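Accompanying notes for the structure given below.
The values are calculated or read from the model by the stated rules, or taken from the named source; none is laboratory data. Just so it is clear, the structure is predicted and the values come from calculations on it, not from any experiment. A quick note on method: Cβ atoms are made from the backbone with ideal geometry, for glycine too, and the neighbour counts reach across all protein chains shown. Note: areas computed on protein heavy atoms with side chains; ligands, DNA, RNA excluded. Shrake-Rupley method; radii C 1.70, N 1.55, O 1.52, S 1.80 Å.
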Amino acid sequence: MNDSFNPQEAAAQATHTYRNLTARLGLLGLNTDIPESVRDLAETTVGQTREIHDRSIDAFEASVATFELLFDAAGQGAAAFNRKIVDIARRNVETSFDLATSLAGAKDFADMMRLQAAYWQKQIGTLTAQAEEVRALSKKVAADTAESIKAQMPRGVDGRHCREP
């Protein structure tokens, strides 16, 4: 099992075997000519297969381009949505720090309770507005993505083929 593979020897052996085999076949006197009709058929078939392949590649590339556009549109929507959520979180954290600063300066427990009540009253309105921002953005992202999908579809959204009589 210590034998090493030598590519040059393998190639030489394969060449020798091929030449030996073709020489023996030649001695048999067989007519190995391929009829012209078979060659013509083979050429035609290869040409047709090439055309089908080329059309298939074109269709595949168009599909890939469509998916790229769709993913790009969806990705842009997701990025906008993520930016909005991060912005809302940042604003809420800043507001919380403002509350903490106010509470640290409170003179007594009643003052702390008043600051807390004012904070939560304001925060309820803020959270409602933020929920509306997220809802509006979600609706826009969904509409933009759907529009991008519709624009890329070769036929109507209901899936029916439109054929003229």
Checking residue 106 against (1) in a helix (DSSP H, G or I); (2) of a type in the set (Gly, Ala, Ser); (3) without any contact (Cβ under 8 Å) to a residue 24 or more places away in the chain, only one condition comes out false. Which one?
(1)
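Per-residue answers, yes or no, for (1) loosely packed, with under 13 Cβ neighbours inside 10 Å; (2) at pLDDT 80 or above:
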residue	(1), (2)
87	yes, yes
90	yes, yes
95	no, yes
126	no, yes
129	yes, yes
132	yes, yes
143	yes, yes
146	yes, yes
162	yes, no
Do we have any residue at all in region 58-65 that's open to solvent by 70 Å² or more (accessible area, probe 1.4 Å), more than 26 Å from the chain's Cα centre (by Cα) and aromatic (Phe, Trp, Tyr)?
no
Filter region 20-34 down to residues that are assigned to a loop (DSSP other than H, G, I, E, B) and more than 56 Å from the chain's Cα centre (by Cα), then give me how many there are.
3
What's the number of the only condition in (1) surrounded by 11 or more Cβ atoms within 10 Å (Cβ to Cβ); (2) modelled with pLDDT under 90; (3) not polar (S, T, N, Q) that residue 109 fails to meet?
(1)
Within region 61-76, can one find any residue that is modelled with pLDDT of 85 or more and of a type in the set (A, V, I, L, M)?
no
